[in-house]
Structures are given as C-alpha cells and as structure tokens.
1. Out of all the residues in region 41-59, is one or more acidic (Asp, Glu), modelled with pLDDT of 75 or more and open to solvent by less than 100 Å² (accessible area, probe 1.4 Å)?
2. Report whether or not Ile23 is surrounded by fewer than 10 Cβ atoms within 10 Å (Cβ to Cβ) and of a type in the set (Val, Ile, Thr).
3. Kindly establish whether Leu5 is surrounded by 10 or more Cβ atoms within 10 Å (Cβ to Cβ) and in contact (Cβ under 8 Å) with a residue 24 or more places away in the chain.
4. Might you check whether a residue that is in a loop (DSSP other than H, G, I, E, B), modelled with pLDDT of 75 or more and not aliphatic (A, V, I, L, M) occurs anywhere in region 82-89?
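The values are calculated or read from the model by the stated rules, or taken from the named source; none is laboratory data. Every value quoted in this text rests on a predicted model; they were computed, and no experiment measured them. Here the Cβ positions follow ideal geometry from the backbone for every residue, glycine too, while neighbour counts run over all protein chains shown. Note: areas computed on protein heavy atoms with side chains; ligands, DNA, RNA excluded. Shrake-Rupley method; radii C 1.70, N 1.55, O 1.52, S 1.80 Å.
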Amino acid sequence: SVPLLTQLTTLAMLAATVVMFFIPWNILAMLFGVWQFVKRGLRKFLWPRSKFHVPINEAIEFLGRIPSNMDLAKRTQLTPRRHSTVQNSKTSAKLASFEERD
C-alpha cells in the first residue's frame with residue numbers, strides 16, 4: 001500500500017504539470033503576483049491582525065506533523081512472544097504430567 005502523503009504529492013505534481021503545460025509561465029507568474037498583492041491588501045484593511053499574531057507557514061506546519069522513524073518505533077504495539085518463559089501453574093502442571101508419561 002502507498003502512503004496517503006505520497007499519493008497526494010503525486011496527484012499535486014500531476015495537476016501542476018497539466019496546468020503548466022496549458023498556461024504560459026508569464027501568465028502564471030502574473031496571477032501569483034496579483035494574488036499575493038491582493039491577499040496582503042485584504043488582510044491589512046479588512047482583517048487586521050492582533051499584536052499577538054504569529055505568522056504560520058501551512059506547508060511546514062503540515063510536514064512537521066509527520067512522525068519520524070523514531071516516533072513510529074516508539075508507538076509500535078508490542079506483541080506477545082509465542083514461547084513465553086513464564087507459565088501459569090496449570091500449564092506447568094500439565095507439562096510436568098506429560099513429561100512423566102514419556
């Protein structure tokens with residue numbers, strides 16, 4: 001099975017490739033610049049920030065939530081061993097009576 005983030009990244013790269021094939025670079029750059037300018041203007045005049053606001057990069061925040069290999073190793077579930085050295089009294093009594101027959 002392929003992890004979800006890999007599938008989403010592949011899908012995003014495929015969509016970006018199709019968009020860049022049909023729309024010229026200069027149009028994309030112009031639209032990006034206009035969007036950044038409009039977004040900053042709207043934030044400044046329509047939604048003023050409080051003095052306690054901390055800017056957050058959403059992509060870095062999302063990638064920071066992915067657990068590392070060490071975190072995954074710490075969270076793995078422990079499975080019981082097949083041949084446990086600790087036995088209860090009933091099992092040891094049955095085993096002893098079985099060994100006496102031989």
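1. No: zero hits.
2. no
3. For Leu5, the condition - surrounded by 10 or more Cβ atoms within 10 Å (Cβ to Cβ) and in contact (Cβ under 8 Å) with a residue 24 or more places away in the chain - is met.
4. no
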